[in-house]
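Okay, so here's the structure we're looking at.
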Amino acid sequence: MQQAKPSPSPKKKIVPSDRPYPIVYLKDVKRIYTLGNNRIHALNGVSLSIKKGDFVTIMGSSGSGKSTLLNMIGCLDLPTSGKVKINNIDLSKLDDDGLTAIRRNNIGFIFQQFNLIPTLTAIENVEIPMIFNGQSSEKRRRKALSMLKRADLPLEFANHKPNEMSGGQQQRVAIARALANDPPILLADEPTGNLDTRTGNNIMELLKQLNASGTTVIVVTHDPKMEEYSNTSIRIQDGEIIK
Amino acid sequence: MKMKDIFPSMPSMLKNNMYVELAKRNLKRQSVRTILAAIGIIIGVIAISSMGILGNSLKLSVTDSFADVGDRLVVSPAPGENQITERQVDQMRKVANIESIIPVSSSGEIIEYKKSGATIQSFVSVYSISKDDLEKLAELEEGRYFKAGSTDCVVGAGIASNLELTPGQKIELDGNKLRVVGILKEKGMGFDINTDSGVFTSQEMYNKLYPDAEEGYNTVIVIVKDIDNIDAVSDEIEERINKKEELVTVFAMNVITDSLDDVFRSISMFLIGIGSISLLVAGVSILNVMLMSTMERTKEIGIMKAVGASRKDILKMFLLEALFLGVIASTAGAILTISGSYLIMALIVKNTSYLLTLSSMFYVLEGFVFGIATSLVGGMYPAWKASRMKPLDALRYE
Ligand SMILES: Nc1ncnc2c1ncn2[C@@H]1O[C@H](COP(=O)(O)OP(=O)(O)O)[C@@H](O)[C@H]1O
Ligand SMILES: [Mg+2]
């Protein structure tokens, strides 16, 4: 039960094909926010395709639509128009439970503000995605510990609450949490934005290592120096891809 | 969505005890607010169950004192008739399913006694009854029953205590002295004959006291063999005696106990109604607490959804919290009710037997169940609301 196979419509069979499909596929995606009489085109017809095992950086100035794009890929938001496919599954065909299943099993999300649950310890935060995946508590513990190890968190912090840890340590916990259900795709929205340069580089190194072991990594950043970690770079401006 | 989906099964819930852990933490995190909500439930549970117990105890204490008369009929002369004749009593004897027939003649008498200096007048009933029949109607506290034909008497507990009588002493009735040989147990209010304020003596002595009394009896008490036959026996007596004209009135004691049952059922319902209102108030306060709690935890809900929590998961988390709150508060309420009622009954009524009955405990259980249900119902809307939050909106919430 690692890869999600949400099949909302059993009528439609996924036909196996020799040609490998892209793990992330967007076609003509628009996302329009309506604020009063204002219509904001956060994404204005974005098409892209990301292969399994890629390390992609999405660059662009503030307000250009990077987060909106990442949220589309992470099933946190749905496009106003256009098509989004994750692992060849068309998101527009899924109901809320279907989207949840994709998030749970295919996506690991890393945020700029870490977004840990303040009342839970590091290890408990990492256990959360596994709870929703129905893992037994014993298995959760073991897996959470190994993920924290993998994210290079010194293990004496395993029982610390987020406010007892540095920013870099919190982001490592967040990465361990993102890895908990072994997702094939890791998404990170400015993961180094709240960290000093050295810690930020360490986090990027970690993401690089995870990518080397097969995980597709997509990182949003406005720091041009991060580009060198990736093998593909996308530039976005005013909701459109310019490179 | 079925309840089974939300609470899959106790074992899997305990295995995934992180839910339980989360619920406990979230309740603790808002301890003041949680305690206030719990107090609402506790008061509601106490109200429902103690009101129920109160009504039930009232009912039990009254029906207890009528329990032993449920098997009797009281036959008295119909309006316009003076006495029940020996012939009518003979007709009653032909009716089937009768255990015993107790004819009684009675008359009233005023007696005087002194209490803390003052002279008090009191009314007593003087009964003519056979020794055997008296044994069927009342138990002795001390002494013995009078012998047939003797001039002795047995008195009720009320008279004995007013006149400070002990067996062997004499009382004077209308110039005649009677020796008290026995004192009856206190019996409380009765509808057949009032033993507490009665003086019982033989027919011979009664005739001496009231030489002008008419032949016949004032009352005939009929004890049936089986309480289920009471209506049939009553009908047959009326049929036999009142064939041509209305000579006697037959009155079944169970009519009284039945209507008392109704009265106390209404009292119980009323008291429980009051309890329900307080639970309703508690439910609203739970609703409020949980609603505030979902608002404050919006971001957390967003995080959980982002890492894979479904609507069902969120619903389960919040309902579990409400369930916890309900179980803890209701348990506290039930314990407080039982110990409180026990104290009150032990100290004031000095009789705890009515509390420890199945029917009283039923009201405690009822309060307990209602307490939990209220908490769950109050938590339902907030849980539903939390489960429907859009992950991105929830994540952005500060
Ligand atoms: N929930 C929203 N409501 C209205 N406008 C939004 C919302 N989210 C984003 N936007 C707008 O969409 C545009 C793109 O935003 P975003 O994707 O967050 O940019 P970036 O992450 O590149 O800084 C911005 O103009 C922003 O103001
Ligand atoms: Mg952004």
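The GluC sites (Glu not before Pro) of segment B:188-237 that DSSP puts in a loop, and whose beta carbon has at most 16 other beta carbons within 10 Å, are B:Glu214, B:Glu215. Taken across both chains, chains A and B shield about 2400 Å² of accessible surface from a 1.4 Å probe. Non-local lysine pairs in segment B:162-227, meaning eight or more places apart or on different chains, with alpha-carbon distances under 25 Å, amount to 7.
Considering only B:Thr357, A:Gly98, A:Ser67, and ranking their Cα positions along the charge dipole of the protein assembly as shown that arises from unit charges at the beta-carbon of Lys, Arg, Asp and Glu, the one farthest toward the positive end is A:Ser67.
Note on B:Leu365/B:Lys24: beta-carbon distance plugged into 1/(1 + (r/R0)^6) with R0 of 22 Å gives a FRET efficiency of 0.30. Across segment B:16-169, the mean sequence separation of Cα contacts (distance under 8 Å, 6 or more residues apart), normalised by length, yields a relative contact order of 11 percent.
Each Lys and Arg contributes +1 and each Asp and Glu -1, all at the Cβ; summed about the Cα centre of the protein assembly as shown, the dipole is approximately 5880 debye. Rounded to whole Å, the principal axis extents of the Cα atoms in segment A:154-243 read 45, 27, 21, largest first. Taking every DSSP beta bridge that has both ends in the protein assembly as shown, the antiparallel portion is near 70%. Give the percent of DSSP beta bridges with both residues in chain A that are antiparallel, rounded to the nearest 5. Within chain A, antiparallel bridges account for around 50 percent of the total. Surface composition of chain A: carbon plus sulfur atoms hold 48% of the accessible area, using a 1.4 angstrom probe and ignoring ligands, DNA and RNA. With protein chains left intact and a 1.4 Å probe, residues in the protein assembly as shown average 49 Å² of accessible area per residue. Rounded, prolate or oblate: which fits the protein assembly as shown when a ≥ b ≥ c are the square roots of the eigenvalues of the alpha-carbon gyration tensor, with rounded for a/c under 1.5 and prolate only if a/b beats b/c? Prolate, since a/c reaches 1.5 and a/b exceeds b/c. Once all protein chains are placed together, B:Met389 keeps about 40 Å² accessible to a 1.4 angstrom probe. Could you calculate the FRET efficiency of A:Asn194 with B:Ile267 from 1/(1 + (r/R0)^6), where r is the beta carbon distance between them and R0 is 51 Å, rounded to 0.05? The value I calculate is 0.15. Site pair A:Glu227 and A:Lys243 shows an inter-label distance of 0.3 nm when each label is modelled 7 Å from Cα along Cα→Cβ. Treating r as the C-beta distance of B:Ile227 and B:Leu140 and R0 as 25 Å, the FRET efficiency rounds to 0.50. Our summary gives chain B a relative contact order of 29 percent, counting only alpha carbon pairs under 8 angstrom and 6 or more residues apart.
Near A:Gly108, the amide H atoms lying under 5 Å from its own belong to A:Ile185, A:Leu186, A:Leu187; only residues 5 or more places off or on other chains count, and H is placed 1.01 Å from N. Let a ≥ b ≥ c be the square roots of the eigenvalues of the Cα gyration tensor of segment B:202-279; is it rounded (a/c under 1.5), or, if not, prolate (a/b larger than b/c) or oblate? Verdict is prolate for segment B:202-279. Eigenvalues of the alpha-carbon gyration tensor of chain B, scaled by 5 and square-rooted, set the equivalent ellipsoid semi-axes at 69, 24, 15 angstrom, largest first. Along the Cα-to-C-beta direction of A:Thr119, a point sits 7 Å from the Cα; which residues of segment B:365-398 have their amide N less than 17 Å from that point? Of the residues in segment B:365-398, B:379-380, B:382-384, B:386-387 have backbone N under 17 Å from the label point off A:Thr119. Cross-link pairs exceeding 22 Å in C-alpha to C-alpha distance, out of B:Lys28/B:Lys316; B:Lys24/B:Lys312; A:Lys161/B:Lys390; A:Lys66/A:Lys93; A:Lys27/A:Lys243, comprise A:Lys161/B:Lys390; A:Lys66/A:Lys93. Largest accessible area first, the residues B:Glu300, A:Glu205 order themselves as A:Glu205, B:Glu300 under a 1.4 Å probe with ligands, DNA and RNA left out.
Stokes-Einstein diffusion for segment A:107-147 at 10 °C, viscosity 1.306 mPa s, with a Kirkwood radius from C-alpha pairs, works out to 147 µm²/s.
Taking a ≥ b ≥ c as the square roots of the eigenvalues of the Cα gyration tensor of chain A, is the shape rounded (a/c under 1.5), prolate (a/b larger than b/c) or oblate? Verdict is oblate for chain A. Per-residue 3J(HN,Hα) values for segment B:213-225, derived from phi via the Karplus relation 6.51 cos²θ - 1.76 cosθ + 1.60 with θ = phi - 60°, read 4, 5, 4, x, 10, 7, 9, 10, 9, 10, 9, 8, 5 Hz in sequence order (x marks Gly and Pro).
Taking the Cα centre of chain A as reference, the dipole from Cβ charges on Lys and Arg (+1) and Asp and Glu (-1) amounts to some 820 debye. Charge tally for B:Glu139 (other residues, Cβ to Cβ under 9 Å; Lys, Arg +1; Asp, Glu -1): 0.
Per the 1.4 Å probe, what fraction of the accessible area of segment B:109-191, in percent, lies on carbon and sulfur atoms? Using a 1.4 Å probe with all protein chains present, segment B:109-191 comes out at 46 percent carbon and sulfur. Projecting the Cα atoms of B:Phe270, B:Ile335, A:Leu35 onto the dipole axis of the protein assembly as shown, where Lys and Arg carry +1 and Asp and Glu carry -1 at the beta carbon, places A:Leu35 farthest toward the positive end. The trypsin sites (Lys or Arg not before Pro) of segment B:62-149 that meet both conditions, a loop assignment by DSSP and at most 13 other Cβ atoms within 10 Å of the site Cβ, are B:Lys94, B:Arg144, B:Lys147.
Using DSSP, restrict attention to beta bridges with both residues in chain B and report what percent are antiparallel, rounded to the nearest 5. The antiparallel fraction comes to roughly 80 percent.
The values are calculated or read from the model by the stated rules, or taken from the named source; none is laboratory data. The shown structure was predicted, so the numbers you read here are calculated from the model rather than taken from an experiment. Reconstructed Cβ throughout: ideal geometry from the backbone, glycine too, with neighbour counts over all protein chains shown. Remember, those area values only see protein heavy atoms, side chains included, never the ligands or the DNA or RNA. Shrake-Rupley method; radii C 1.70, N 1.55, O 1.52, S 1.80 Å.
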